[in-house]
1. When we measure straight from the Cα of Lys113, which lysines land under 27 angstrom away, once same-chain ones fewer than 8 places off are left out?
2. Could you state the number of Å between the C-alpha centres of segment 71-130 and segment 1-42?
3. So for segment 55-115, what percent of the C-alpha to C-alpha distances run longer than 15 Å?
4. Name the helices (complete DSSP H segments) of the chain with a Cα length along the long axis of 18 Å or more and a Kyte-Doolittle mean of at least 0.5, or state none.
5. With an 8 Å cut-off on Cα pairs and a minimum separation of 6 or more residues, tell me the relative contact order of the chain in percent.
6. So, for segment 1-98, what is the accessible surface per residue at a probe of 1.4 Å, expressed in square angstrom?
7. Please report, in cubic angstrom per residue, the volume enclosed by the convex hull of the alpha-carbon atoms of segment 1-94.
8. Considering only protein heavy atoms and a probe of 1.4 Å, how much of the accessible area of the chain is carbon and sulfur, as a whole percent?
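The values are calculated or read from the model by the stated rules, or taken from the named source; none is laboratory data. Given the structure is predicted, the values throughout are model-derived calculations rather than measurements. SASA here: full protein model, heavy atoms, side chains in, ligands and nucleic acids out. Shrake-Rupley method; radii C 1.70, N 1.55, O 1.52, S 1.80 Å.
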Amino acid sequence: SGWSPGKDGILRKNGRKLEFKCLIFEDDQLLKETAIMLQDQLSRIGVKIELKTLPLREFVRHFEQRKFQSLIMYYTALFDPDIHYKFLHSSQALKGMNWLSYKNPIVDELLEKGRMEPDQIKRQRIYSMFQKEIQADPPGVFLFWRELIAGVHKRFRGVKIGPGGLLWNLGEWWVPEKEQKYRGKDMASGSAPSRN
């Protein structure tokens, strides 16, 4: 593509180096290690990344004001795919939570259809098409899937691990009466919870 390495090994084209800045949240060790690994790997092919670690408040400010060339962050889908509307619909790109300013008319249409469709089977098809479009035109580079360890006390029944993680069916959890430590009626009245 017309890029060639300079004396320092960094690729150049028309006198411009292939380099960019990357923001990282300073208190997250996993993200820092990921950034350092990327910096090392890309330097081997002539791409220079300048890492800039920021405290949380400053990181969020840069993020919300869209003052960054690149950054490393977590993206979590949570429980219902409608959450993607906030983060990826073009209507949210200027003042909403679409901080990456991602715009794709096909994604917009699918997100709009998905949130309006009451039939779960049809919704599943719509969001499957959405995922395929995101793979074809990603808003960023998905680097890894973070594994998390979660624990739930054995008192709880109805707990199921699903594609949405641990809490996707939280409304179906229950505790047998003899094993309950906190009673809903006590919590609603504002009094201290009774213990068995």
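1. By straight Cα distance, Lys113 reaches Lys86, Lys95, Lys103, Lys122, Lys132.
2. Rounded to whole Å, the Cα centres lie 30 Å apart.
3. Values: 982 of 1830 pairs.
Roughly 54 percent, once rounded to a whole number.
4. What comes out of the filter, once short or polar helices are dropped, is none.
5. Numbers: 223 pairs, mean separation 24.0, N = 196.
This gives 12 percent for the chain.
6. On a per-residue basis, segment 1-98 sits at 66 Å².
7. Once divided by residue count, the hull of segment 1-94 is 149 Å³.
8. Within the chain, the accessible surface is 55 percent carbon and sulfur.
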